[in-house]
Amino acid sequence: PEDLWHSYNLLQKGDLVRCTTVRKVVKESNTGSTTSSKKRLMLTIQVKKVDFDPDVLEVRLSGTVQSENELVRMGAHHTLTLELNQNFSVEKECWDQIYLDLLEEAANPDRQAEVAAVVMHMGLCHVCLVTGALTITKARIEVNIPKKRTGSSQNSKAITKFFEAVYQAILRHVDFSKVKVVLLGSPGYVKDDFFQYMQQEAVRRDDRKFIENKANFVLVKASNGHKYALEEVFSDAAIMSRMNDTKVAREVEVLNKFMRMMDVDP
């Protein structure tokens, strides 16, 4: 999905885009009757309009045909649809630094992340890296947590297994030389219990990454361990104030200003 979002931001009016597409072709017989069929062919269009549909994960490019083809005349209107894992080529009159930076970010999204986010409820956790435009899931941890029963240690063992998996995922996926803030969110005290576990284990194992970056962890309230719970976190002004010097905070502030402007003067 991230690739389509980057493509949407990269493609602009006037670009030449070439990819395979399906077009309805109508043929007329000698008797005047017509038949239509769908043909897959390679077309190049000059882009007039770019739309992104997040529900079906498609980028739609409307424009005019710029390549010779026996089935489609030059200048005819056509809409190309870019989907996941579809190859396409793009030509621009000028590849300025903005577009080159977009390509760099698309090719190496992890390098742009200044914020990591860990949202969890007991038994489910998502470890994400957050860039200015994207939230990238690096790990999904799911562990069955049985109910507490008198005389049984299964519950505590499962919780320890869950916390250990989250611990290892953060260690593996968060580069503390670049990440400035790690948001740790959950309902209730799950985040607090995990943070305590993390600190104790980091000292016991001498994991310098956690010991030296303990102050970068911010404990926040999240309704659950699903990725969409991050929307609540980023809407909290108190949390955003802790992230003032990150690209994510700057992007969110720009968006909020735009939304306020639309409310006042649509």
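The values are calculated or read from the model by the stated rules, or taken from the named source; none is laboratory data. None of the values given here were measured: they were computed from a predicted structure. Here Cβ is always computed from backbone atoms with ideal geometry, including for glycine, and neighbour counts include all displayed protein chains. We work out accessible area using only protein heavy atoms, side chains counted, and drop any ligands, DNA or RNA first. Shrake-Rupley method; radii C 1.70, N 1.55, O 1.52, S 1.80 Å.
Below is a table of values for the structure above.
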item: Inter-residue pairs, beta-carbon under 8 Å, first more than 14 Å from Gln86 (Cβ to Cβ) and in segment 1-24, second in a helix (DSSP H, G or I) and not charged (D, E, K, R), 6+ apart; result: Glu2/Ala106; Glu2/Pro109; Asn9/Leu102; Leu10/Tyr99; Leu10/Leu102; Leu10/Leu103; Leu10/Ala106
item: Qualifying residue in segment 23-38 (condition: in contact with a Leu (Cβ under 6 Å, 6 or more places away or on another chain) and at pLDDT 80 or above); result: no
item: Number of the exception - Met198 against (1) without any contact (Cβ under 8 Å) to a residue 40 or more places away in the chain; (2) surrounded by fewer than 16 Cβ atoms within 10 Å (Cβ to Cβ); (3) not small (Gly, Ala, Ser); result: (2)
item: Matching residues in segment 128-160 - criterion: being at pLDDT below 95, among the β-branched types (Val, Ile, Thr) and in a strand (DSSP E or B); result: Val130, Thr135, Ile136, Thr137
item: Residue check, Ser67 open to solvent by less than 50 Å² (accessible area, probe 1.4 Å) and not β-branched (Val, Ile, Thr); result: yes
item: Subset of segment 64-82 (residues that are more than 15 Å from Val50 (Cβ to Cβ) and either in contact (Cβ under 8 Å) with a residue 40 or more places away in the chain or of a type in the set (A, V, I, L, M) (or both)); result: Val65, Gln66, Ser67, Leu71, Val72, Met74, Ala76
item: Of all residues making up segment 172-186, the number that are part of a loop (DSSP other than H, G, I, E, B) and either surrounded by 15 or more Cβ atoms within 10 Å (Cβ to Cβ) or at pLDDT 95 or above (or both); result: 4
item: Qualifying positions in segment 4-49 - among the acidic types (Asp, Glu) and surrounded by fewer than 17 Cβ atoms within 10 Å (Cβ to Cβ); result: Glu28
item: Residues (modelled with pLDDT under 90, in a strand (DSSP E or B) and not charged (D, E, K, R)) located in segment 46-64; result: Phe52
item: Test: Lys221 is in contact with a Lys or Arg (Cβ under 9 Å, 6 or more places away or on another chain) and open to solvent by 70 Å² or more (accessible area, probe 1.4 Å); result: yes
item: Qualifying residue in segment 139-160 (condition: surrounded by 13 or more Cβ atoms within 10 Å (Cβ to Cβ) and within 28 Å of Phe52 (Cα to Cα)); result: yes
item: Test result for Leu80, in contact with a helix residue (DSSP H, G or I) (Cβ under 9 Å, 6 or more places away or on another chain) and open to solvent by less than 20 Å² (accessible area, probe 1.4 Å); result: no
item: Any chance Ser89 is under 14 Å from Leu10 (Cα atoms), hydroxyl-bearing (Ser, Thr, Tyr) and surrounded by fewer than 10 Cβ atoms within 10 Å (Cβ to Cβ); result: yes
item: From Ala106, Ala169, residue being at pLDDT 95 or above, buried (at least 16 other Cβ atoms within 10 Å of the Cβ) and either in contact with a strand residue (DSSP E or B) (Cβ under 7 Å, 6 or more places away or on another chain) or under 30 Å from Ser7 (Cα atoms) (or both); result: Ala169
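The rows are residues; the columns are (1) farther than 25 Å from Asp101 by Cβ; (2) β-branched (Val, Ile, Thr); (3) under 19 Å from the mean Cα position of the chain (by Cα).
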residue: Glu114; (1), (2), (3): no, no, yes
residue: Val118; (1), (2), (3): yes, yes, yes
residue: Gly123; (1), (2), (3): yes, no, no
residue: Val127; (1), (2), (3): yes, yes, yes
residue: Ile136; (1), (2), (3): no, yes, yes
residue: Arg149; (1), (2), (3): yes, no, no
residue: Lys178; (1), (2), (3): no, no, yes
